[in-house]
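Heads up, the thing below is written out as structure tokens.
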Amino acid sequence: MNLTELTIKQAHEGLKNKEFTSVDLTKAYLEKIKKLDKEINAYLSVTEDLALAQAEEADRKILTGEFGMLCGIPCAIKDAILVEDQKCTAASKMLENYVAPYNATVVKKLREAGAVILGKTNTDEFTMGGSGENSAFGPTKNPHDKTRVAGGSSSGSGAAVAANLACFALGSDTGGSIRMPSSNCGVVGLKPTYGAVSRYGLIAHASSLDQIGPIAKTIEDAEIVFKTLSGKDKMDATSANFEFRISNFELKGCRIGVPKEYFVKGLDPKVEKIIKNAIKKAEDAGAEIIEISLPNAEFALACYYIIVPCEASANLARFDGIRYGLSGPKGYPAKDLLDVYLKSRGKGLGPEVKRRILIGTYALSSGYYDAYYKKAQEVRQLIRQDFEKAFEKVDMIFCPVSPVLPVKLGEKTDDPLAMYLMDIYTISVNLAGLPALSLPAGKAGDLPVGLQIIGNHFQENKILSVAEQIEKSIKF
Ligand code: GLN
């Protein structure tokens, strides 16, 4: 039996039946990481000693016979989520030596459930990017084709689960960062409803859009992790009073909306074929396929790339070389306070992060605020309303995650606009605060393609239930 290939459910059964221990499981992953990760670069740090200590603790709990689904299961955490006493770099030089003083609420919950943390995974710097190439510590490679990107920003989490370097992982999604790497790497990723999971201890990118969620091998596994993560947290005022209950929602009779604006020029025919095939499978199983319209979809990208840099420029002001982060690089004594800021931020932050701070600061400055930020907020409302109208007619929406197959490493790095365009199908969901998941739907050659299933607010149970029925019929 190859321990690293097991799902959470299977590993749990194995632990229960004493076929192996959590220490066995953890060691199997640690060995595999040592062997494979030099090439893939999914992990920024591996916390071997801590993982083994946590596994021993889990084994003691397992001996008592009373333990939950995640007890003793090894996982990976995106390096933008705080794990107490461990480095949290957000893949930035700015935070290269930053050690987290406390656990994020999601980490606290995973630890209370007995999960074992193997390490911290690579991401685009401060989660800004869609390919994983904006990491200051090198890109993550796609395990299915190492000349291609894993997708970002939760690149390491997607690749780690796909390459069996973790049983499951946490990612965060501001505009697609859980779904994109899940689609590219052929794993399941769930971006929860805004507010369903606490953001406390997540390094903020754009606070009105950020959500943490699971990346896993199967829908069932994603559901187990989501159930553990979700719920109200007094440390995050935007978290909702929401209790997730697993339920059965039949694919037969389900009304599935397909947005006509999403199947147009720019969508790779290979991706389109796989998505249409998945839609056909749903129809064959008795779902009703309904064409819908999201008339403001064409403005989503412009709206997102104003709101996100605005919020990011405010959130990243704290990385000034004094309160946090790299300070006045050695050998360049600063003349005065402004010089400390300039030198620290100049050296510490990468080009995409600087670009967003510049755009955001500009769009928020007096005289431009109304023309850009306020306008974008109004458009955001229209996008929300598009979905509200759609959900009067349908139960969920099916569409691609990405318009293209995973691109070659370096192929688009010189062209930020081309990079932003790849987010076309994922960002509206964040602007509207909706839940959405990526389900492996097929492959074009070696390259996985994810089907995106979007639900109405707090209807994770519906989309997970339908996704599970499709997962069975697709047999990825
Ligand atoms: N690619 C998108 C961006 O660059 C999404 C990032 C994210 O979800 N963290 O903003």
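The values are calculated or read from the model by the stated rules, or taken from the named source; none is laboratory data. In this text, all values refer to a predicted model and were calculated from it rather than measured experimentally. Cβ atoms come from the backbone with ideal geometry, glycine included; neighbour counts cover every protein chain shown.
Listed values, structure above:
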quantity: Condition check for Ala53: free of Cβ contacts under 8 Å to residues at least 40 places away in the same chain, of a type in the set (A, V, I, L, M) and over 29 Å from Gly348 (Cα atoms); calculated: yes
quantity: Matching option when the condition is touching a Pro at 6+ places or on another chain (Cβ under 8 Å) and either within 16 Å of the ligand (Cβ to nearest atom) or free of Cβ contacts under 8 Å to residues at least 40 places away in the same chain (or both), among Pro435, Pro416; calculated: Pro435
quantity: Total residues in region 302-328, condition part of a helix (DSSP H, G or I) and crowded, with 17+ Cβ neighbours inside 10 Å; calculated: 13
quantity: Test: residue in region 230-249 that is at pLDDT 95 or above and within 16 Å of the ligand (Cβ to nearest atom); calculated: no
quantity: Hits in region 113-130 - residues which are closer than 23 Å to Arg345 by Cβ, of a type in the set (Ser, Thr, Tyr) and out of contact with any His (no Cβ under 7 Å at 6 or more places or on another chain); calculated: Thr123
quantity: Residues (in contact (Cβ under 8 Å) with a residue 40 or more places away in the chain and surrounded by fewer than 18 Cβ atoms within 10 Å (Cβ to Cβ)) located in region 386-402; calculated: Lys393
quantity: Filtered residues of region 60-79 (kept if within 11 Å of Thr26 (Cα to Cα) and not small (Gly, Ala, Ser)); calculated: Ile73, Pro74, Cys75
quantity: Complete set of residues in region 329-350 that are part of a helix (DSSP H, G or I) and either in contact with a strand residue (DSSP E or B) (Cβ under 6 Å, 6 or more places away or on another chain) or surrounded by fewer than 11 Cβ atoms within 10 Å (Cβ to Cβ) (or both); calculated: Leu338
quantity: Flag for Ser182 being within 16 Å of the ligand (Cβ to nearest atom), buried (at least 24 other Cβ atoms within 10 Å of the Cβ) and over 18 Å from Leu44 (Cβ atoms); calculated: yes
quantity: Residue check for Ile383: within 14 Å of the ligand (Cβ to nearest atom), of a type in the set (A, V, I, L, M, F, W, C), under 28 Å from Thr238 (Cα atoms) and modelled with pLDDT of 95 or more; calculated: no
quantity: From Val99, Val83, Val106, residue being within 16 Å of the ligand (Cβ to nearest atom), at pLDDT 95 or above and either under 22 Å from Leu50 (Cα atoms) or in contact with a Ser or Thr (Cβ under 6 Å, 6 or more places away or on another chain) (or both); calculated: Val106
quantity: Residues of region 5-58 satisfying the condition of being of a type outside the set (A, V, I, L, M, F, W, C), crowded, with 19+ Cβ neighbours inside 10 Å and under 22 Å from the mean Cα position of the chain (by Cα); calculated: Tyr29, Asp37, Asn41, Tyr43, Thr47
quantity: Residue in region 129-147 that is in contact with a Ser or Thr (Cβ under 7 Å, 6 or more places away or on another chain), closer than 19 Å to Gly213 by Cα and among the hydrophobic types (A, V, I, L, M, F, W, C) present; calculated: no
quantity: Subset of region 266-307 [farther than 19 Å from Gln452 by Cα, touching a helix residue (DSSP H, G or I) at 6+ places or on another chain (Cβ under 7 Å) and of a type in the set (A, V, I, L, M)]; calculated: Ile306, Ile307
